[in-house]
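What follows is a short report on a single structure.
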Amino acid sequence: MAKTVLTISSKNYGAWSLRGWLTAKLAGLHFTEEVISADDPAMKAEMLLLSSSMLVPSLQHNGIKVWDTLAIAEYLNEIKPKAQLLPADARARAHCRAICGEMHSGFASLRASLPMNIKAHFPKFKIWSRAQSDIDRVLTIWSECLATYGGPYLFGSKPGMADAMFAPVVTRFLTYDVRLDATCTTYCKQIMALPAMQEWVDAARNEPDEIDELDAEF
């Protein structure tokens, strides 16, 4: 059987890599990590926010190659149905896909002004109005999901695809000291307490500083 490999970029800066990696962890998939170098064009594409749909992360499993975070998540949902990455209920499943799609294609101002940087912390960071609008929309999504499905995760008692898609936003809110209400603060703590998230954060903090932030046009 062919080895399962997940190709990712920087754990400190790679928001899309985190989404793919965390989804694979939540699915219970056993895989080998392949981390591309800071000089790789695919790394720079992710760091410079050139696209939400690119070749990093990518998954190779049983001779099949899947890239793009949403495609990886849907593929994992097919091969690991017991993980329940998507809700069982059709209405909830449609809702999950809608907010994952919104995260995948939207929030450009949030991405540009609050780039993922797990090692950093910027107290009282000044957030410009367009980014604040994106933040407000994220918080609305979280609040609606938590109220509708009972928490502690977006679609109930188990973390799934939606939580993985929004996990990099959780790290951004912590990095840039974003004000949150009690419900969303509790949700962020819940995500950061996941063993897989703790593993990712520990690796990010121990990552060599190979990327010159001044070269990244965030």
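The values are calculated or read from the model by the stated rules, or taken from the named source; none is laboratory data. From a predicted model like this one, the values you see are computed outputs, not experimental measurements. Cβ atoms come from the backbone with ideal geometry, glycine included; neighbour counts cover every protein chain shown. Ligands, DNA and RNA are excluded from the accessible area calculation, which covers all protein heavy atoms including side chains. Shrake-Rupley method; radii C 1.70, N 1.55, O 1.52, S 1.80 Å.
Key figures for this structure:
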| quantity | calculated |
| --- | --- |
| Alpha-carbon radius of gyration plus Dmax, which is the widest Cα pair, for the chain in Å | 16.4, 51 |
| The stretch 133-209: trypsin sites (Lys or Arg not before Pro) falling in loop per DSSP and having at most 16 other Cβ within 10 Å | ARG179 |
| Virtual spin-label span in nm between ASP181 and ILE64, 7 Å along Cα→Cβ | 4.0 |
| Candidate lysines - alpha carbon under 26 Å from LYS119, same-chain residues fewer than 8 apart omitted | LYS11, LYS25, LYS44, LYS189 |
| Alpha-carbon centroid distance for the pair the stretch 176-207 / the stretch 69-121, whole angstrom | 16 |
| Which of LYS158, LYS11, LYS3 is most accessible, then next, and so on - probe 1.4 Å | LYS3, LYS158, LYS11 |
| Expected 222 nm ellipticity per residue - DSSP helices of 4 or more, -39500 (n - 2.57), all of the chain, to 500 | -16000 deg cm²/dmol |
| Solvent-accessible surface (1.4 angstrom probe) belonging to ASP136, in square angstrom, nearest 10 | 70 |
| Cα-centred dipole magnitude for the stretch 1-40, charges only on beta-carbon of K, R (+1) and D, E (-1), debye, nearest 20 | 240 |
| Dipole magnitude of the stretch 110-218, debye to nearest 20 (Cβ charges: Lys/Arg +1, Asp/Glu -1, about Cα centre) | 520 |
| Exposure rank, largest accessible area first [THR175, THR148; 1.4 Å] | THR148, THR175 |
| The stretch 101-157, relative contact order in percent, only Cα pairs under 8 angstrom and at least six apart counted | 25 |
